[in-house]
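Below you'll find the structure, written out as structure tokens, and then a few comments.
The values are calculated or read from the model by the stated rules, or taken from the named source; none is laboratory data. Because the structure is a prediction, the values reported are computed rather than measured. So basically every Cβ, Gly included, is an ideal-geometry build from the backbone, and we count neighbours across all protein chains shown. These area figures cover heavy atoms from the full protein model, side chains too; ligands, DNA and RNA do not enter into them. Shrake-Rupley method; radii C 1.70, N 1.55, O 1.52, S 1.80 Å.
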Amino acid sequence: MKRIVLISCVSRKSTTKAKAKDLYKGPLFTNSLAYGQALKPDHIFILSAHYHLLDLDKVIEPYYVTLSYVSPDKRKKKPNLKVLTNEEANCWGKKVIEQLGEVADLKKDKFIILAGQNYLTPIQNSLTNIEEPLKGVGMFDRPKKLKELI
């Protein structure tokens, strides 16, 4: 049985092409990655709203897409941001599961989820063995909780 950590993308990104692990900025991402690495899993992947399942070393362009709720006020400040609809999120989830199926056993492997509910919901029914160390922890409290877990 493999142990696979799934962390989510974040809105703060570098403005230039970079390896996925270097593109995302801020304490939520850096603490998620550090905690994921501390678990010594077989693989760590990023759940990207735009690129789906990302290897940490894959070089990608910055983008402005999310599965998360964004208030109307914030949307006005970020006119280039695309928020996926429920239907688009479901299609996103099917693609992620297809990609995961190529590198993991969806029924036997353990998936440690360090992503918010909006990123988990579209994929959770296809994964048998899920662990959520941050379940019940609000998004703003996650960086601190991750630091404690490290």
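Please count, across the range 106-150, the pairs of lysine residues with Cα atoms under 26 Å apart that sit 8 or more places apart or on different chains.
Lysine pairs, 8 or more places apart or on different chains, close enough: 9.
Just how many % of Cα pairs in the range 6-57 lie over 14 Å apart, if you round to the nearest whole percent?
47
Rounded to two decimals, what ratio of Rg to Rh does the range 29-150 give with C-alpha atoms and a Kirkwood Rh?
On the Cα set of the range 29-150, Rg over Rh gives 0.95.
Are there chymotrypsin sites (Phe, Trp or Tyr not before Pro) in the range 58-150 that DSSP marks as loop and that have at most 10 other Cβ atoms within 10 Å, and which are they?
Tyr69
Return an integer: the convex hull volume of the alpha-carbon atoms of the range 47-105, in Å³ per residue.
Spelled out: Cα convex hull of the range 47-105, divided by residues, is 89 Å³.
For the range 2-124, what's the relative contact order in percent, using C-alpha pairs closer than 8 Å and at least 6 residues apart?
33
What accessible area per residue, rounded to a whole number of Å², is obtained for the chain using a probe radius of 1.4 Å?
I get 57 Å² per residue for the chain.
Relative to the first principal axis of the alpha-carbon coordinates of the chain, what is the inclination of helix 27-38, with its axis defined by its Cα atoms, in degrees from 0 to 90 and to the nearest 10?
So the helix axis and the longest Cα principal axis differ by about 10 degrees.
What is the spread of the Cα atoms of the range 104-150 along each of their three principal axes, largest first, in whole Å?
So the extents along the principal axes, rounded to whole Å, are 31, 22, 14.
Number of Lys pairs in the range 13-77 with C-alpha atoms less than 29 angstrom apart, excluding same-chain neighbours closer than eight positions?
So the count of such lysine pairs works out to 28.
I'd like the carbon and sulfur percentage of the solvent accessible area for the range 1-105, probe radius 1.4 Å, heavy atoms only, ligands and nucleic acids excluded.
About 50 percent, which is the carbon plus sulfur part of the accessible surface.
How far apart, in nm, are the 7 Å Cα→Cβ label points at Glu88 and Asp42?
3.4
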